[in-house]
1. Tell me, what is the percent relative contact order of segment 92-180, built from C-alpha pairs under 8 Å that lie six or more residues apart?
2. Using θ = phi - 60° and the Karplus form 6.51 cos²θ - 1.76 cosθ + 1.60, what ³J(HN,Hα) does each residue of segment 335-347 get, whole Hz, x for Gly and Pro?
3. Given H placed 1.01 Å from N in the peptide plane, which residues other than close sequence neighbours of Gly193 have an amide H under 5 Å from its amide H?
4. If the cut-off is a Cα-Cα distance under 21 Å, which lysines reach Lys199, setting aside same-chain residues fewer than 8 apart in sequence?
5. Share of the chain's accessible area from carbon and sulfur, percent, 1.4 Å?
6. Quick one: which residues, 5+ away or cross-chain, put their amide H under 5 Å from the amide H of Leu297? H built at 1.01 Å from N.
7. Can you send over the solvent-accessible area of Arg247, 1.4 Å probe, protein chains only, in Å² to the nearest 10?
8. Identify all lysines with a Cα-Cα distance to Lys363 below 27 Å; exclude those on the same chain that are fewer than 8 residues away in sequence.
Amino acid sequence: MAVSEPSAASGTNMAGAKLTDKSADTPAETITGGQIIAKMLKQEGIKHVFTISGGHIIDTYNGCLDEGIEIIDVRHEQVAAHAADAYARITGLGCAIVTAGPGTTDAVTGVANAFRAESPMLLIGGNGGLKQYKMGALQELRHVDMMAPISKFASTIMTTERAAEMMGMAFREMYNGAPGPGFLEVPHDIMDGRVDASKVRYPKNFRVKGRDGGAPEFIGDPNTVAAVAELIAKAERPVALFGTQARTCRAHDAIDKFSRQFNIPIYVNGAARGTLPRDHPYGFMPSRKAAFDHADLILLAGTPLDFRMGYGRRLNPNAKIVIMDMDYRNVGVNRDFDYGLVGNIKSIVEAMCQASKGDSTGKHDAFINMLREDEARSQGKNDKIITANETPIHPIRLVHEVNEFLLEDTVFIGDGGDIVTFSGSVVRPHKPGGWMDPGPLGTLGVGTGFALASKLTQPERDVVVLFGDCSFTLTGFDFITAVERKLPFVGVIGNNRSWNQIRYGQERKYPGRGDVGNVVGDVRFDKLAEAMGGFGIRVTKPEDIRGALEKARDSGKPALVDVAINREVYSSGTMNQTMYK
C-alpha cells in the first residue's frame with residue numbers, strides 16, 4: 001500500500017490523528033543570524049562596521065542596512081581590524097566583519113594589536129556551514145583556535161537562536177578588567193539560518209558599566225588608597241606616569257586635580273598623551289629619565305612595566321613603587337611594588353584626592369624646578385637642530401613642524417618606527433584623545449585605518465597622520481577608501497627610503513651589513529596620492545614643510561606630504577632599545 005506524503009499544511013501524528021499547521025494561515029515572523037547580529041550591534045551603539053565582502057558574511061550587510069549601520073568597505077581586512085580598533089578607542093566599542101579563511105587570517109594582526117593595546121573591538125568572522133564541518137568547505141579554518149590567544153573571548157556561534165546571547169557574552173568578557181578584543185565565528189548556515197523572531201533573546205543589562213557607559217568604577221582597597229595618598233604627600237620627590245588606561249577611563253579631569261592637589265609632576269605615554277594641556281604646570285615629557293632616576297616615589301598608573309620601561313630597570317631601584325591597573329595581571333610584573341591597586345584609574349585617582357589630609361602646595365617645588373631645567377636643556381638641543389636647516393631634512397625638524405601644525409582639536413596618529421619614536425619626545429596634542437599609536441605590539445600599518453575611524457566618528461576634528469615610508473606601503477592602498485568616502489586627513493610621510501629602526505640595530509650587530517633588507521627604492525608618495533584622487537606634495541627643503549602642510553589641509557582632500565628626511569640619524573629611543581644591547 002502506497003503511503004502519500006503529508007501536505008504542507010497538515011500531517012498525522014504517531015496515533016494517526018490529523019495535525020493542522022497553523023503557520024500556513026498565520027506564518028511566524030522569522031529572522032536570520034545576520035539580522036540578529038546587526039540588531040545587537042545597533043543596541044550597543046555601533047554606527048559603522050568595517051569589512052570586505054565575502055559570501056559567508058553578506059547576510060550581516062542585509063541586517064546592517066535594516067538597522068541603519070553604515071558599511072565601510074575597505075581594501076584589506078587588516079585595515080578593517082585596525083579601523084575597528086581605533087573606533088573602539090574613540091567610542092568604546094568597534095566592530096569589523098570579515099569572511100572565512102584568508103579574510104579572517106588577514107585580520108589577525110589587527111586583533112593582536114588591539115589585544116596588546118587593550119582595545120575592545122569585536123571581530124566577526126564567517127566560516128563554512130556546520131553541516132559541512134571538517135568536510136573541507138570553501139575557506140574552512142579553525143579560526144577560534146587561532147584567535148583564542150590574542151583575544152579576551154573567542155567562540156563559535158552554534159545556533160542562530162543564540163546569536164544575540166553569544167554577542168552579549170563576548171561584549172561582557174571584552175570589558176572584564178582591562179578591555180580587549182573579542183572574536184565570534186559564525187558558520188554560514190548559522191548566519192543565513194532563519195528562526196522564529198519571537199524566540200530570540202536580546203540581552204540588555206548584561207555587563208556592568210560606569211559613568212557614561214565606560215569602565216566599571218571600582219577602586220580596590222580603600223585603606224590602600226589612603227595609604228598611597230599619605231605616601232605621596234610625605235615624599236620629597238614623587239612622580240606619576242599615566243598610561244593608556246587613563247584615556248580608557250577618561251580620567252583627564254581627575255588627573256588634573258590630582259597633580260595640583262599633590263604638587264606632583266605628571267608624565268604620560270600611549271593614548272594618555274593629551275591628558276593635560278601643553279601649558280599645564282605639572283605636565284612633563286622629555287625629562288622622564290631624570291625623573292625616574294631621582295624620584296623617591298614612582299606611581300605607575302595604567303601602563304605595564306614592559307620594554308618601554310626597560311622592564312622596570314629604568315626606575316630608581318631605591319624608590320617606593322605604586323602600581324595601579326585595571327587588570328590584576330599587570331600589577332607586579334617585572335618589578336616588585338610597595339603598594340598595588342586594581343581598579344578604574346579615574347575612580348582611584350579621585351579617591352586619593354578625597355583621602356588626602358593635607359595641602360602639598362610648594363612641597364615638591366625644588367624637584368619640579370630641577371625637571372624643568374632638564375626639559376629646557378633638552379629643548380635647547382632640539383632648537384639647534386631645528387634652526388640648522390639641514391638637508392636632507394633632520395627628523396627632529398620634521399616632527400617639530402608637525403607639532404607646530406597641530407590645531408586645538410587635532411587627532412595625531414603615529415604609524416612608523418624611528419620617525420614616530422622621534423615624535424614621541426616632541427609632538428604634544430592639545431586635548432585628551434589627541435594621540436593614537438599602535439600600542440605596545442608596535443604594529444606598522446595602522447595609520448590609514450585609524451584615520452578612517454577618526455574621521456567617521458569625529459568628523460569635526462582635524463586628523464594628522466605621521467607615517468614612516470615603509471609603514472605606509474603596508475596598508476596605504478586604503479588611502480583610496482578615504483578618497484571615496486570623502487574623509488580628509490593630512491598624512492605626513494617621513495621618507496628615508498629605509499626601515500631605519502631595524503637598520504640601526506642590524507648595522508650595530510653586523511657592521512657594514514645594515515642596509516641588507518632595510519633599504520628600499522624611492523617612492524613618489526605625492527604622485528601616488530594624486531593617482532588615487534587625493535592631494536600630494538613633495539618636500540625636500542626644511543623651510544618648505546609648513547607651507548606644504550597648510551596646502552594639504554586646505555585641499556579638503558585626503559593628502560600625503562612626502563618629506564625626504566635624513567636616514568643617517570636615529571632617535572635616542574631606537575638607539576636605547578633593549579634588543580640592541
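The values are calculated or read from the model by the stated rules, or taken from the named source; none is laboratory data. Values in this document were obtained by computation on a predicted structure and should not be read as measured data. Cβ sites come from the backbone with ideal geometry, for glycine too, and all protein chains shown count toward neighbours. Calculation scope for accessible area: heavy atoms of the full protein, side chains included, ligands and nucleic acids excluded. Shrake-Rupley method; radii C 1.70, N 1.55, O 1.52, S 1.80 Å.
1. 33 percent
2. Couplings: 7, 5, 10, 8, 9, x, 9, 10, x, 6, 4, 4, 5 Hz.
3. Hits under the 5 Å cutoff: Gly33.
4. Lys199 reaches Lys22, Lys39, Lys42.
5. Heavy-atom surface of the chain belonging to carbon and sulfur, 1.4 Å probe: 52 percent.
6. For Leu297, the qualifying residues are Arg237, Val239, Lys320.
7. 50 Å²
8. Within the straight-line limit of under 27 Å, Lys363 reaches these lysines: Lys234, Lys257, Lys289, Lys320, Lys346.
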